[in-house]
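Enquirer: Submitted below is the structure of interest, expressed as structure tokens.
The values are calculated or read from the model by the stated rules, or taken from the named source; none is laboratory data. For clarity, every value in this text was computed on a predicted model and none was experimentally measured. A quick note on method: Cβ atoms are made from the backbone with ideal geometry, for glycine too, and the neighbour counts reach across all protein chains shown. SASA here: full protein model, heavy atoms, side chains in, ligands and nucleic acids out. Shrake-Rupley method; radii C 1.70, N 1.55, O 1.52, S 1.80 Å.
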Amino acid sequence: MKVLITGLDLEQLEHRGIAVYTNNVIRALDELGHDVWLLTQHQGLQAQRRLRSTLAKNVVSLLARTTLMEALDVGGVNPDQFNVPSKRAKLAEAFVGFFTRIFHTLSRSERHIADIYQHVFPKKNYVITAKHLVPLTDHPLTPYAYVARLGYLKHLTGIVAARNIFQNSMRLQARGKRDKVTIRTNQFDIFLTTCPLGITTKGIPSVQTIHDTIPIELFKTTDNPITFAHRLANAGPNHIFVSKESKRRYDFFYEKVPSESIDTIVHQPPSLYSSLFRTEGDDVELKLSRLEDLRLPRRIAPLRYILFNSKVEYRKNLEFLVQAYLGSSLRSEGISLVICGGLNQDLRTSQLRELTGPYEDTSLSANMTSSSAKVTSSHADRIDPGHIVFTGYVDDHTRDTLFTAALAVVSPSIIEGFGIPVLDAAALGVPVVASDIGSHIEIHSMYDFDNYVHLRSLHSLSGWIQKLNDISSERSGSISRSVQQKLLDKAEINMRLKRFVRMRRQIWGQFKEDLSNSLMKARL
């Protein structure tokens, strides 16, 4: 089966949440024997007419691949970055700004005039033919195949370039339910979105993934709530839900879909997948010559910290966690709170820094993929071993190591579509203290996860404080203080890694089966 899958979240600066899901879907479909093509709004140099007239066809084709992969690697770039030499200014939303922009645009290139037209009249119809397909299988030696961020390339048959398709779908969805992008093609057997995008298809069936309804329930998100509401309304008849909770909330807010529609619950596999967890056959022994190779960031001692892994935003409820941590005995016992994720430059984050004290970890600089991920301060020497540590955005290997070596993982979110950090920790066998929201309750009921996931009400700060104290005392009773001051005990690491590999195989197998069933039913 030839599958076209959206790559919107793979174009972002940070690969979080939905990007992890997209990676998993691509790999699963490849393992199931399907031809997987990634839909991107990047165009590539092939679009420039002057190149086609001055360079050999195979060179132009190579440049198209290279610029597309470079855009995906860089992340967060304008889709036309590689086509337009001058920086494209954004169209001002205000009335005066709109006409000012038109005036400046008219004095530039015809490309900018087209951009203004497209912003006012977004493209609604995309006809995908063979000329839009950029195959990857005939060029297996691309250096981008070795870039960790682009690990999914080896599972792709090719890339489909449709200029600004995601931007146009968002612009249209902001206008109303009836305005949406339509893809017309006979090049594929099925179209799969990794989130609701307001894109429909003609000629092939489509399935849209719905993760949550958060932007219409909580305005403090990066998504426009009106646009997102239209995207959900235009999700079509066939859906993949990442949890029972996400389906329950969608059905509550939207009318029941027709009886002939396909709704499938597809639980994601754990997101940890660095070299720590890659094994050959049934060999799941730790493949490290030294425990130092786990590469924990400076000032973070194994089994001496609790881990919060998420981009810091309102719904993650980090302020509540900081209060629980400071109210517990963890700090006095030298147990840190490690916050692993990007930090917003806003008042709320500034207040957190004032409360916790700033931190700078130069040992992480080699792992950063964004200069904004590093938290800087001139008072780093004030940090004590039991303080709160901001690592910023780290690479996959460091993130996986932080999970493996954590005393516990904490997730006080007020709303989630599923809760991947909770799933990751439970699969490892690491204790988790999580809010008792619907998605966390769902994970708690899976497999043997009730032995590791400890749910606590967000209405009871004392309940969180007590549980954090209990986890600390349990660990202190089982490991002597002299061992706690050393690097992570190898037996503990091996036990967690073996469990994770076993659990991931089990969950991965179910994930592939559910995903395959969903697509096959949609084609019937």
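Enquirer: Only one of these is farther than 22 Å from residue 134 by Cα, among the hydrophobic types (A, V, I, L, M, F, W, C) and open to solvent by 40 Å² or more (accessible area, probe 1.4 Å): 226, 210. Name it. Give the derivation first.
Expert: Working: 210 fails: open to solvent by 40 Å² or more (accessible area, probe 1.4 Å).
Going through 226, 210 in turn, just one is farther than 22 Å from residue 134 by Cα, among the hydrophobic types (A, V, I, L, M, F, W, C) and open to solvent by 40 Å² or more (accessible area, probe 1.4 Å): 226.
Enquirer: Further, regarding this structure: Taking segment 414-433, which residues are closer than 18 Å to residue 496 by Cβ and small (Gly, Ala, Ser)? First the steps, then the outcome.
Expert: Narrowing segment 414-433 to residues closer than 18 Å to residue 496 by Cβ: 420-433.
Selection gives 425, 426, 427, 429.
Enquirer: Can you work out which of the residues in segment 269-309 that are polar (S, T, N, Q) and surrounded by fewer than 21 Cβ atoms within 10 Å (Cβ to Cβ) is modelled with the lowest pLDDT? Lay out the reasoning, then the answer.
Expert: Taking segment 269-309 and keeping what is polar (S, T, N, Q), we get 271, 274-275, 279, 289, 309.
Applying the additional criterion that residues be surrounded by fewer than 21 Cβ atoms within 10 Å (Cβ to Cβ) yields 274-275, 279, 289.
On the way: 274: 65, 275: 63, 279: 55, 289: 47.
The qualifying residue modelled with the lowest pLDDT is 289.
Enquirer: Go through 140, 135 for me and flag whichever is farther than 18 Å from residue 19 by Cβ, surrounded by fewer than 17 Cβ atoms within 10 Å (Cβ to Cβ) and at pLDDT 85 or above.
Expert: Numbers: 140 fails: at pLDDT 85 or above.
Step by step, each of 140, 135 is checked, and only 135 is farther than 18 Å from residue 19 by Cβ, surrounded by fewer than 17 Cβ atoms within 10 Å (Cβ to Cβ) and at pLDDT 85 or above.
Enquirer: What are the pairs, 6+ residues apart or on separate chains, where a residue within segment 307-331 that is over 25 Å from residue 18 (Cβ atoms) and in a helix (DSSP H, G or I) has its Cβ under 7 Å from a residue that is open to solvent by 20 Å² or more (accessible area, probe 1.4 Å) and aliphatic (A, V, I, L, M)?
Expert: The qualifying pairs are 322/355; 323/461; 324/461; 324/465; 327/461; 327/465.
Enquirer: Checking the conditions here, which among 171, 178, 231 is open to solvent by 30 Å² or more (accessible area, probe 1.4 Å), touching a residue at least 24 places away in the same chain (Cβ under 8 Å) and either under 25 Å from residue 268 (Cβ atoms) or not hydrophobic (A, V, I, L, M, F, W, C) (or both)?
Expert: Working: 178 fails: touching a residue at least 24 places away in the same chain (Cβ under 8 Å); 231 fails: open to solvent by 30 Å² or more (accessible area, probe 1.4 Å).
Just one listed residue meets the conditions, 171.
Enquirer: Do any helices (runs of 4 or more DSSP H) lying entirely in segment 422-496 carry at least 3 residues that are modelled with pLDDT of 95 or more, surrounded by 15 or more Cβ atoms within 10 Å (Cβ to Cβ) and within 27 Å of the chain's Cα centre (by Cα), and which ones are they? Write out each step before concluding.
Expert: On the way: elements: 438-444, 461-478, 481-484.
In segment 422-496, 438-444 are the helices (runs of 4 or more DSSP H) which contain 3 or more residues that are modelled with pLDDT of 95 or more, surrounded by 15 or more Cβ atoms within 10 Å (Cβ to Cβ) and within 27 Å of the chain's Cα centre (by Cα).
Enquirer: Can you pull out the strands (runs of 3 or more DSSP E) entirely within segment 167-223 that have at least 2 residues that are more than 24 Å from the chain's Cα centre (by Cα)?
Expert: Values: elements: 181-185, 190-193, 199-202, 206-210.
The qualifying strands (runs of 3 or more DSSP E) are 181-185, 199-202.
Enquirer: Of all the residues that make up segment 61-79, how many are open to solvent by 10 Å² or more (accessible area, probe 1.4 Å) and at pLDDT 75 or above?
Expert: Within segment 61-79, the subset open to solvent by 10 Å² or more (accessible area, probe 1.4 Å) is 61-63, 65-67, 70, 73-74, 76-78.
Filter once more, keeping what is at pLDDT 75 or above: 61-63, 65-67, 70, 73-74.
Residues in segment 61-79 being open to solvent by 10 Å² or more (accessible area, probe 1.4 Å) and at pLDDT 75 or above: 9 in total.
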